[in-house]
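Asker: Mind looking over this structure? Questions follow.
The values are calculated or read from the model by the stated rules, or taken from the named source; none is laboratory data. As the structure is a computational prediction, the values presented were derived from the model and not from experiment. Using ideal geometry, Cβ is built from the backbone for each residue, glycine included, and neighbour counts are taken over all protein chains shown.
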Amino acid sequence: MTKINQYCVAENWGKGFIEHNESAKISFSGLPGNVWRVPAHNKDANLWISKVLGTVKTKDEAQVIVDAEVTASQTAWDALSDEEKAISSRPVDITLED
Amino acid sequence: MSIYRGINGFAVQNYSSNPTLIDGQVWYNSTSKNLQLTKFVTAAWSTSGNLPQAGLTQVAGTGTQTSMLSFNGQAQPPNQTTTNSQSYDGSTWTAQAQMNTSRQQSTGSGISNTSVLAFSGRLQPAAKSAATESYNGSWTTQPNMGRAEYNLGGAGTGSAAVAFGAYSGGTVYPTESYNGSWTAGNPMSVGRNRNKGFGSSATSALTMGGENGSGTNNNTESWNGTNWTSVGVMNNARYAGAASSGSAATDGLIAGGRGGPPALILTSETWNGSSWTNGPSLLEQSALGAGAGASGSSAAICGGTTNSPGNDSNKTQNFNSGAQVVAITST
């Protein structure tokens, strides 16, 4: 099966991390754990990963990072008071795609 | 060297405010003292300057992408309500005066970061707030709302506002209008909480989305100063998104929030006065963040809840599409 997405870990430093012209060319999706999903086999995506000094991860490696963040977030939510739970929502699992 | 007159047949015009935008047009803005041009850009989100706080959610905001004020919220650390306010110029946040009431999930109205009204909210320990305060460089306490509430929708200016939302046990609570004091008016047609809104006057506003305990809705209603009228549905049911709060009721944007199941959603939608159109997705998750914007083609959102533990967002995302004014500088 052809891979559609690729993943990397990079910390969003703010302005300039994703420029308007980069976002107009390719789709970005920020995930828990500073994991970013961008198109695979794409020159613009590869240039952006290089720009932000991203560490490329396989889908399975990225999934482990995301799962750890979401599980910790769910644990933190479960420990909230009923009152706090009433005004928030339990974080949901995220399944990454190839 | 090419001369503008030689290319276009006329000299660079001098305007005190920006003219109707035409692609490629160059003019001098005598107010901002900038040489400017119109550039058409593809609709897209980009990252921008981070908030001063390590993380901030359940935060309010209003204004435009280049003149936004965000305030109150739950700051991190130490996960307490805050009196902080900060202004945004399109790229950088600057801390402003402390507010009088510490709260989260408050609401604001205003079309710039120099004249803002803040109202309602959730206090700590938990209680609903009716407190109102105005901002013009410093915060001044104003008369309380008729009813304490939090997570309301809001629209209008810093001196004339409308607050809407709040539903409980089958009761849809009154809309309230402010012009120095609050007056109760007709409620929305659809009862809901955590709905959002935009509108640059107290007599012309739009509200969208929300939830009522049994489901998330996508309904949109228009306010004419007296009554609410259903005018369409969003493509994505959502609550707790961020809207272009400083835009006209006929031209705005909403993004992020939570969807039907309470999962964070990334989609954005723009409203043209009669229907919603899907736009590009946010770059990162944000629910209960603050939004601002002059229109559906220029907006910013900041802060919000993410799926990371103890890691509410301090990020800002700018949205731009269509005709944009660009200042020509020598650097």
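Asker: With the requirement that a residue be surrounded by fewer than 24 Cβ atoms within 10 Å (Cβ to Cβ) and over 19 Å from A:Glu84 (Cα atoms), what does region B:98-110 give you?
Answerer: Just the residues of region B:98-110 that are surrounded by fewer than 24 Cβ atoms within 10 Å (Cβ to Cβ), to begin with: B:98-102.
If the condition is that a residue be surrounded by fewer than 24 Cβ atoms within 10 Å (Cβ to Cβ) and over 19 Å from A:Glu84 (Cα atoms), then B:Gln98, B:Met99, B:Asn100, B:Thr101 are the ones that fit.
Asker: Residue by residue through region B:1-43, note down the ones that are modelled with pLDDT of 80 or more, of a type in the set (Val, Ile, Thr) and more than 27 Å from the chain's Cα centre (by Cα).
Answerer: Result: B:Val12, B:Val26.
Per-residue answers, yes or no, for (1) surrounded by fewer than 19 Cβ atoms within 10 Å (Cβ to Cβ); (2) away from chain B (no Cβ under 14 Å); (3) under 16 Å from B:Glu284 (Cα atoms); (4) in contact (Cβ under 8 Å) with a residue 12 or more places away in the chain:
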| residue | (1), (2), (3), (4) |
| --- | --- |
| A:Gln63 | yes, no, no, yes |
| A:Asp67 | yes, no, no, yes |
| A:Ala72 | yes, no, no, no |
| A:Leu80 | yes, no, no, no |
| A:Glu83 | yes, no, no, no |
| A:Asp98 | yes, yes, no, yes |
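Asker: Any residue in region A:51-58 that is part of a helix (DSSP H, G or I) and either aromatic (Phe, Trp, Tyr) or away from chain B (no Cβ under 14 Å) (or both)? Spell out the reasoning first.
Answerer: We begin by selecting, within region A:51-58, every residue part of a helix (DSSP H, G or I); these are A:51.
Of the ones still in play, those that are also either aromatic (Phe, Trp, Tyr) or away from chain B (no Cβ under 14 Å) (or both) are none.
The answer is no; no qualifying residue exists.
Asker: Strands (runs of 3 or more DSSP E) wholly in region B:55-159 with at least 1 residues that are under 20 Å from B:Asn193 (Cβ atoms) and touching a residue at least 60 places away in the same chain (Cβ under 8 Å) - which ones?
Answerer: Numbers: elements: B:55-57, B:60-64, B:67-71, B:74-76, B:85-88, B:93-95, B:107-112, B:115-123, B:127-135, B:139-142, B:153-156.
The qualifying strands (runs of 3 or more DSSP E) are B:55-57, B:60-64, B:74-76, B:107-112, B:115-123, B:153-156.
Asker: Filter region B:25-51 for residues that are assigned to a loop (DSSP other than H, G, I, E, B) and in contact (Cβ under 8 Å) with a residue 60 or more places away in the chain and give the result. Even if it seems obvious, please write down each step before you answer.
Answerer: The initial filter retains those residues of region B:25-51 that are assigned to a loop (DSSP other than H, G, I, E, B), namely B:25, B:30-33, B:49-51.
The answer is B:Ser32, B:Gly49, B:Asn50, B:Leu51.
Asker: Checking the conditions here, which among B:Ala118, B:Ala131, B:Ala95 is surrounded by 19 or more Cβ atoms within 10 Å (Cβ to Cβ), under 29 Å from A:Gly14 (Cα atoms) and either within 13 Å of the chain's Cα centre (by Cα) or of a type in the set (Gly, Ala, Ser) (or both)? Show your work before the answer.
Answerer: Values: B:Ala131 fails: under 29 Å from A:Gly14 (Cα atoms); B:Ala95 fails: surrounded by 19 or more Cβ atoms within 10 Å (Cβ to Cβ).
Sole residue among the options that is surrounded by 19 or more Cβ atoms within 10 Å (Cβ to Cβ), under 29 Å from A:Gly14 (Cα atoms) and either within 13 Å of the chain's Cα centre (by Cα) or of a type in the set (Gly, Ala, Ser) (or both): B:Ala118.
Asker: Do you know which of the residues in region B:268-298 that are more than 13 Å from chain A (Cβ to nearest Cβ), part of a loop (DSSP other than H, G, I, E, B) and under 18 Å from the mean Cα position of the chain (by Cα) is surrounded by the fewest Cβ atoms within 10 Å (Cβ to Cβ)?
Answerer: Applying the filter and picking the extreme gives B:Asn272.
For every residue, the table says whether it meets (1) facing chain B (nearest Cβ under 8 Å); (2) of a type in the set (Lys, Arg); (3) farther than 22 Å from B:Asn307 by Cα; (4) assigned to a loop (DSSP other than H, G, I, E, B).
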{"residue": "A:Asn12", "(1), (2), (3), (4)": "yes, no, no, yes"}
{"residue": "A:Ile18", "(1), (2), (3), (4)": "yes, no, no, yes"}
{"residue": "A:Ala24", "(1), (2), (3), (4)": "yes, no, yes, no"}
{"residue": "A:Gly30", "(1), (2), (3), (4)": "yes, no, no, no"}
{"residue": "A:Gly33", "(1), (2), (3), (4)": "yes, no, no, yes"}
{"residue": "A:Trp36", "(1), (2), (3), (4)": "no, no, no, no"}
{"residue": "A:Trp48", "(1), (2), (3), (4)": "no, no, yes, no"}
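Asker: Any idea which residue in region B:19-46 is nearest to the other protein chains (Cβ to nearest Cβ), counting only those that are polar (S, T, N, Q) and either touching an Asp or Glu at 6+ places or on another chain (Cβ under 8 Å) or within 19 Å of B:Ser91 (Cβ to Cβ) (or both)?
Answerer: Filtering region B:19-46 down to residues polar (S, T, N, Q) leaves B:20, B:25, B:29-32, B:34, B:36, B:38, B:42, B:46.
So of that shortlist, the ones also either touching an Asp or Glu at 6+ places or on another chain (Cβ under 8 Å) or within 19 Å of B:Ser91 (Cβ to Cβ) (or both) come out as B:29, B:32, B:34, B:36, B:38, B:46.
Working: B:Asn29: 22, B:Ser32: 21, B:Asn34: 19, B:Gln36: 17, B:Thr38: 15, B:Ser46: 4 Å.
For region B:19-46, the residue satisfying everything is B:Ser46.
Asker: Still on this structure: Which count do you get for residues in region A:6-34 that are among the small types (Gly, Ala, Ser) and on the phi < 0 side of the Ramachandran plot? Steps first, answer last, please.
Answerer: Keep residues of region A:6-34 that are among the small types (Gly, Ala, Ser), which gives A:10, A:14, A:16, A:23-24, A:27, A:29-30, A:33.
The next check asks that each one be on the phi < 0 side of the Ramachandran plot; those that pass are A:10, A:23-24, A:27, A:29-30.
Residues meeting the conditions: 6.
Asker: Turning to a different aspect of this structure: Report the residue count in region A:74-98 for those that are part of a helix (DSSP H, G or I) and within 19 Å of B:Tyr239 (Cβ to Cβ). Before the answer, list the steps.
Answerer: Taking region A:74-98 and keeping what is part of a helix (DSSP H, G or I), we get A:74-78, A:82-86.
Checking the rest, the ones that are also within 19 Å of B:Tyr239 (Cβ to Cβ) come to A:77, A:83-86.
Result for region A:74-98: 5.
Asker: OK, next. Write out, first by first residue and then by second, each pair whose Cβ atoms fall under 8 Å of each other, whose residues are 6+ apart or on separate chains, and whose first residue, in region A:34-46, is of a type in the set (Phe, Trp, Tyr) while the second is in a strand (DSSP E or B).
Answerer: A:Trp36/A:Tyr7; A:Trp36/A:Cys8; A:Trp36/A:Val9; A:Trp36/A:Ser29; A:Trp36/A:Gly30
Asker: Right, another one. I'm trying to understand the selection: among the residues of region B:252-267, which are assigned to a strand (DSSP E or B), under 18 Å from the mean Cα position of the chain (by Cα) and either within 12 Å of chain A (Cβ to nearest Cβ) or on the phi > 0 side of the Ramachandran plot (or both)?
Answerer: Applying the first criterion (assigned to a strand (DSSP E or B)) to region B:252-267 yields B:252-255, B:258, B:264.
Imposing the further condition that a residue be under 18 Å from the mean Cα position of the chain (by Cα) reduces the set to B:252-255, B:258.
Correct list: B:Arg258 only.
Asker: Would region A:35-44 turn up any residue that is among the hydrophobic types (A, V, I, L, M, F, W, C), surrounded by fewer than 18 Cβ atoms within 10 Å (Cβ to Cβ) and either touching a strand residue (DSSP E or B) at 6+ places or on another chain (Cβ under 8 Å) or on the phi > 0 side of the Ramachandran plot (or both)?
Answerer: Here is the first cut: in region A:35-44, the residues among the hydrophobic types (A, V, I, L, M, F, W, C) are A:35-36, A:38, A:40.
Going one step further and asking which of them are surrounded by fewer than 18 Cβ atoms within 10 Å (Cβ to Cβ), we end up with A:40.
So of that shortlist, the ones also either touching a strand residue (DSSP E or B) at 6+ places or on another chain (Cβ under 8 Å) or on the phi > 0 side of the Ramachandran plot (or both) come out as A:40.
The answer is yes, given that some residue of region A:35-44 is among the hydrophobic types (A, V, I, L, M, F, W, C), surrounded by fewer than 18 Cβ atoms within 10 Å (Cβ to Cβ) and either touching a strand residue (DSSP E or B) at 6+ places or on another chain (Cβ under 8 Å) or on the phi > 0 side of the Ramachandran plot (or both).
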